[in-house]
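Accompanying notes for the structure given below.
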Amino acid sequence: MIQLHSIYAVKSIAHYVKFIKYTVVDNHDIVTRYKGENAKYWWPCVKRSVVYSEILDKYMELMVTERALTLIDQHYGLDFYLLKNAYADINSVLGFKLKREMLLALANQTLYPDQPHVRREITTKYQQFMMPPEEVEWIGLTLDEAKMKQKKLEELVQPEPLKYEFRSQLLEYLEENPPSDDTRKTGNSDVSENEEASSSGQSWLQKFNPFGKKPST
């Protein structure tokens, strides 16, 4: 008889080497610590460096890792590095904000306002990354910022009760399809029959109502 047993697998430290270069790693994520043992953390080695954005036409002094500088060189600039890579690979709130500014500048054509020929060249160079402005506005927002933005948008839109819409539709229908004379006569006869039936029913019930007023003789 074959028996299946679960095996506890521990990832090797080599699995975390690439993460240690640019993010914080806790040692209990690598090997389970004994109770009472102090936790150890590995911090990325960062340094101050100057990077240039061609779309924003701006030099920025940032704290970056050696890996980030290597990736920027491999992508031939900060713009291609941020625009080509996914958010999981960038893993930086500042990187998300810069990517949002670049996409907004491309979408709204606000880059190089005094140099139209340069603006056309840059737009053609990064044309594959252009997106509609209404989509770009949501890029790079944190969860709290996105919630506040959605809340403000919902407050600007005042919902109208459906009864007004239904009433306007009914009026339009009646204007396009006015009732004929036969329909009016049939409707009036139905109303009179209903009134007679209701009055006869009320008189029949009054005979058996002990609390009702007795008819005068």
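What follows draws every value from the coordinates through simple rules; no lab data is involved. The model shown is predicted, which means the values in this text are computed figures rather than measured ones. Virtual Cβ from ideal backbone geometry, glycine too; neighbours counted across all protein chains shown.
Worth pointing out:
- Theoretical gain in end-to-end length, F166 to K147 [0.36 nm per residue, Cα-Cα removed]: 3.6 nm
- Filtered chymotrypsin sites (Phe, Trp or Tyr not before Pro), region 103-160: DSSP coil and at most 15 other beta carbons within 10 Å: W138
- Chymotrypsin sites (Phe, Trp or Tyr not before Pro) restricted to DSSP loop in region 34-86 with at most 11 other C-beta within 10 Å: Y34, Y76
- Residues listed by number, region 112-155, amide nitrogen under 15 Å from Y87 label point at 7 Å toward C-beta: 135-150
- Residue-wise HN-Hα coupling along region 173-179, computed from phi with Karplus coefficients 6.51, -1.76, 1.60 (Hz; x: Gly, Pro): 5, 5, 5, 7, 10, x, x
- Per-residue Cβ neighbour rank within 10 angstrom, fewest leading, H75, H117: H117, H75
- Rounded, prolate or oblate (a/c below 1.5 giving rounded, otherwise prolate when a/b exceeds b/c) for region 46-156 by Cα gyration tensor: oblate
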